[in-house]
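Following: one structure in structure tokens, then a few remarks.
The values are calculated or read from the model by the stated rules, or taken from the named source; none is laboratory data. Note that this is a predicted model, so its numbers are computed, not measured. Cβ: placed from backbone, ideal geometry, glycine included. Neighbour counts: every protein chain shown. Areas reflect the complete protein model, heavy atoms only, side chains present, ligands, DNA and RNA absent. Shrake-Rupley method; radii C 1.70, N 1.55, O 1.52, S 1.80 Å.
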Amino acid sequence: MGDITPIADREGQVGGIESMVVDGRRWFFGFDYSMDTAVSPLVDDPALMAEFASRHMLQRDGAHDVAYWRDLVDLSVGESGIVGEDGDRTYDSGTLAAQRLTPSTQLMYLLGAATAWDDGFFEDDAVQAALATIGVPERDREEWDCLDRCVAATRSDDAEVRAAAAGLMTRYQRFIWDNLPANWPDVFAALRPA
């Protein structure tokens, strides 16, 4: 089966198959819907994805063979359990690069899922200070959902808020990049921090 290595702390998790297109190339990946976490590297070959899943992933009722997983791989092309619109799972490098500091909600969700929602980002005092400047209530300053508010704040009329938001999103970009697993950084190379 090629050289697809599982993500060490996510092997054997229960999940399904999702897919997305980056620069015209379809990528498949395992996804644990109960934890909102990506559980595999990105795989661009349907047969290899099915084989990977049969060896390293489970369903609620246990292990399944390659043919079972191949059906799920094929289904992932036309439907998704994590996005409503097909356009929300199609990316191109030009747009990704242009929106490094202002990613879409769907992209932030996908990258958060890929990093297994590592809360280490919110432990940074500079992040907490920026969130306070932006006006995020203290109770929400450790929730990934607050980043939508930070993206909006990059367009604020208040220069101090705008600067805090830009600084925070730069830190977010670096944090995500440093924590993307397996080959995710290769596929999303356009997000590499400047």
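Listing for the model above:
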read-out	value
Answer residue from region 1-44, given it is in a loop (DSSP other than H, G, I, E, B) and of a type in the set (D, E) and is most open to solvent (accessible area, probe 1.4 Å) among those	D3
Close pairs (6 angstrom Cβ cut-off, 6 or more residues apart or separate chains): farther than 20 Å from F31 by Cβ in region 111-130, open to solvent by 10 Å² or more (accessible area, probe 1.4 Å) and among the acidic types (D, E) anywhere	F122/E142
Residue pairs meeting the criteria (Cβ under 6 Å; at least 6 apart or on separate chains; first in contact (Cβ under 8 Å) with a residue 24 or more places away in the chain and on the phi < 0 side of the Ramachandran plot, in region 166-181; second open to solvent by 40 Å² or more (accessible area, probe 1.4 Å) and acidic (D, E))	N179/D118
Filtered residues of region 155-179 (kept if within 16 Å of P103 (Cα to Cα), hydrophobic (A, V, I, L, M, F, W, C) and open to solvent by 20 Å² or more (accessible area, probe 1.4 Å))	A166, F175, W177
Filter result for the condition that a residue is open to solvent by 50 Å² or more (accessible area, probe 1.4 Å), on the phi < 0 side of the Ramachandran plot and modelled with pLDDT of 95 or more, over A129, A113	A129
Qualifying positions in region 139-154 - open to solvent by 40 Å² or more (accessible area, probe 1.4 Å) and either free of Cβ contacts under 8 Å to residues at least 40 places away in the same chain or under 14 Å from Q128 (Cα atoms) (or both)	R139, D140, R141, E142, E143, D145, R149, A152
Candidate set from region 180-194 (those that are assigned to a helix (DSSP H, G or I) and buried (at least 16 other Cβ atoms within 10 Å of the Cβ)); member that is nearest to the chain's Cα centre (by Cα)	W184
Selected residue (criterion: farthest from L110 (Cα to Cα)) from residues of region 45-95 that are of a type in the set (A, V, I, L, M, F, W, C), in a loop (DSSP other than H, G, I, E, B) and open to solvent by less than 50 Å² (accessible area, probe 1.4 Å)	M57
Meets criteria (basic (K, R) and modelled with pLDDT of 95 or more) for R149	yes
